[in-house]
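> One structure follows; several queries about it will come next.
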Amino acid sequence: MEIRQKILITGGAGFIGSHVAKRLIQSGHEVIIVDNFNPYYDPDLKRARLRILLQDTPHTLYTTDIADQWAMRKIFQTHAIGSICHLAAQAGVRYASKDPFAYEHSNLRGTLTVLEMAREFQVGNIVIASSSSVYGNAAQYPVKETDIADKPISLYAATKRACELMAYSYHHLYQLPMTCLRFFTVYGPWGRPDMALFSFTNAALEGKPIDVFGHGEMTRDFTYIDDIVDGIVKALEKNLPWAVLNLGRGKPEPLMHMINLVESATGKTLEKNFLPMQPGDVKHTWTDTHEANAALDWEPKTSLDEGVPQFVNWYLSYFT
Ligand SMILES: NC(=O)c1ccc[n+]([C@@H]2O[C@H](COP(=O)([O-])OP(=O)(O)OC[C@H]3O[C@@H](n4cnc5c(N)ncnc54)[C@H](O)[C@@H]3O)[C@@H](O)[C@H]2O)c1
């Protein structure tokens, strides 16, 4: 199925959003990016993604808060938006202890505003970012979409689950087609500075020690950015009436293996402080990939061994 031409990407200056924008523009779509460039992490990195990653490819940019109903309505009045890829959010688990209302603002009010715009302007194709964190500390692994996800162990996870539930109610009430995608630890070039791979690479290159939480016993289903972009684009193309799908590689890796890969890609040995689990962090993530494969014909391709050197190469070229 064809994606309808004008695509609004919320959070389009973010890590995942900028890669999605690049792919969609390259395949001939008209892309409108909405991002508020908030300072959760350095907004210069967000601007650089648009400047360098998108280069001179044509796109329309609005520096707008998605929770600003008036400004959002103006955008929808100006452009005949056929599809929405809603990625803007207050991400990160730990930041909730500092600013819980940032999650309420962007994830709850912001998502509700996007849904309201979709209803008012009858947008017929909506993909929404959710998260593996909705599963909490699962009773068994790998997790499946049919597993109950009602015990979030962080405010971030609670708001992401709330986004899915609000999306379902808008699908049910107004027959809007929606696909919620639960991403599993996405990494790759232009990644987020608050995520472990970024901070471990930075520490390795600057000769600083790292904190390894969970005493190094955590595992993560690391998923490479290009695979996530494939899944998002396929979800936009399929435009399913309603779906919640896990997008993860399906191969959990010990955190220590990721650290070893950082050490070999940088040629440095990291000094490690082993510490207990942090509140809000889950011990393991690992998805069953059958449902996403069946629904979207999607298969992740990139292993962590291939992906970490790609990230480190980007990091070196950007910062040095
Ligand atoms: N990266 C991951 O591993 C991961 C995993 C699970 C889920 N997700 C979800 O995927 C989406 C994208 O994540 P990311 O890693 O690219 O994060 P990101 O922080 O790099 O991107 C989010 C973007 O949204 C923007 N934004 C935030 N609040 C906004 C608001 N109120 N109005 C307008 N713009 C706003 C930010 O400025 C940022 O550029 C998020 O919804 C996140 O919760 C990411």
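> With the dipole of the chain worked out from charges on the C-beta (+1 for Lys and Arg, -1 for Asp and Glu) around the Cα centre, which of 304, 274, 48 lies farthest toward the positive end?
Comparing the listed Cα positions along the dipole, 48 ranks first.
> In nm², what is the average projected area of the convex hull enclosing the Cα atoms of the chain?
14.9
> Once you keep just the Cα pairs under 8 angstrom separated by 6 or more residues, what percentage relative contact order results for the chain?
Contact order relative to length: 19 percent.
> Now, a different point. Set the Förster distance to 56 Å, then compute FRET efficiency between residue 316 and residue 165 from the Cβ-Cβ distance, nearest 0.05.
The formula returns an efficiency of 0.85 here.
> Right, here's the next one. Rounded if a/c is under 1.5, else prolate if a/b is larger than b/c, else oblate: which is the stretch 42-136, with a ≥ b ≥ c the root eigenvalues of its Cα gyration tensor?
oblate
> On a 22 Å Cα-Cα criterion, which of the cross-link pairs 98/251; 6/234; 74/160; 22/238; 46/151; 22/301 come out too long?
Pairs exceeding 22 Å: 98/251; 74/160; 46/151.
> By how many nm would the segment from residue 195 to residue 137 lengthen if fully extended, with 0.36 nm per residue of separation less the alpha-carbon distance?
In short, 18.9 nm is gained.
> Show that you can apply the helix-only estimate: for the chain, add -39,500 (n - 2.57) for every DSSP H stretch of four or more residues, divide by all residues, and state [θ] at 222 nm to the nearest 500.
One gets -11500 deg cm²/dmol as the mean residue ellipticity at 222 nm.
> For the chain, which whole percent of the accessible surface, found with a 1.4 angstrom probe, sits on carbon and sulfur atoms?
That fraction is 52 percent.
> Next up: Let me know the shape class of the stretch 135-263, please: from the alpha-carbon gyration tensor, a ≥ b ≥ c as square roots of the eigenvalues, rounded when a/c is under 1.5, otherwise prolate if a/b is greater than b/c, or oblate.
Since a/c reaches 1.5 and a/b is larger than b/c, the shape of the stretch 135-263 is classed as prolate.
> Run the numbers for residue 97 and residue 80: contour at 0.36 nm per residue of separation, minus the present Cα-Cα distance, in nm.
Here the segment from residue 97 to residue 80 would lengthen by 2.2 nm.
> Compute the convex hull volume of the Cα atoms of the stretch 40-80, divide it by the residue count, and report the result per residue in Å³ as a whole number.
77
> For residue 269 and residue 71, calculate 0.36 nm times their separation in residues minus their Cα-Cα distance, and state this gained length in nm to one decimal.
Taking 0.36 nm per residue and subtracting the Cα distance, the gain is 66.4 nm.
> Taking the solvent-accessible surface of protein heavy atoms with a 1.4 Å probe, what is the per residue accessible area of the stretch 60-159 in Å²?
Averaged over the residues of the stretch 60-159, the accessible area is 45 Å².
> I would also like to ask the following. Once R0 is set to 25 Å, what does the formula 1/(1 + (r/R0)^6) return for the Cβ-Cβ distance between residue 281 and residue 208, expressed as a FRET efficiency to the nearest 0.05?
0.75
> How would you classify the stretch 248-320 from its alpha-carbon gyration tensor, with a ≥ b ≥ c the square roots of the eigenvalues: rounded for a/c under 1.5, else prolate if a/b is greater than b/c, otherwise oblate?
Judged from the Cα gyration tensor, the stretch 248-320 comes out oblate (a/c at least 1.5, b/c at or above a/b).
The values are calculated or read from the model by the stated rules, or taken from the named source; none is laboratory data. As the structure is a computational prediction, the values presented were derived from the model and not from experiment. Note that we place each Cβ from the backbone using ideal geometry, even for glycine, and neighbour counts take in every protein chain shown. Ligands, DNA and RNA are excluded from the accessible area calculation, which covers all protein heavy atoms including side chains. Shrake-Rupley method; radii C 1.70, N 1.55, O 1.52, S 1.80 Å.
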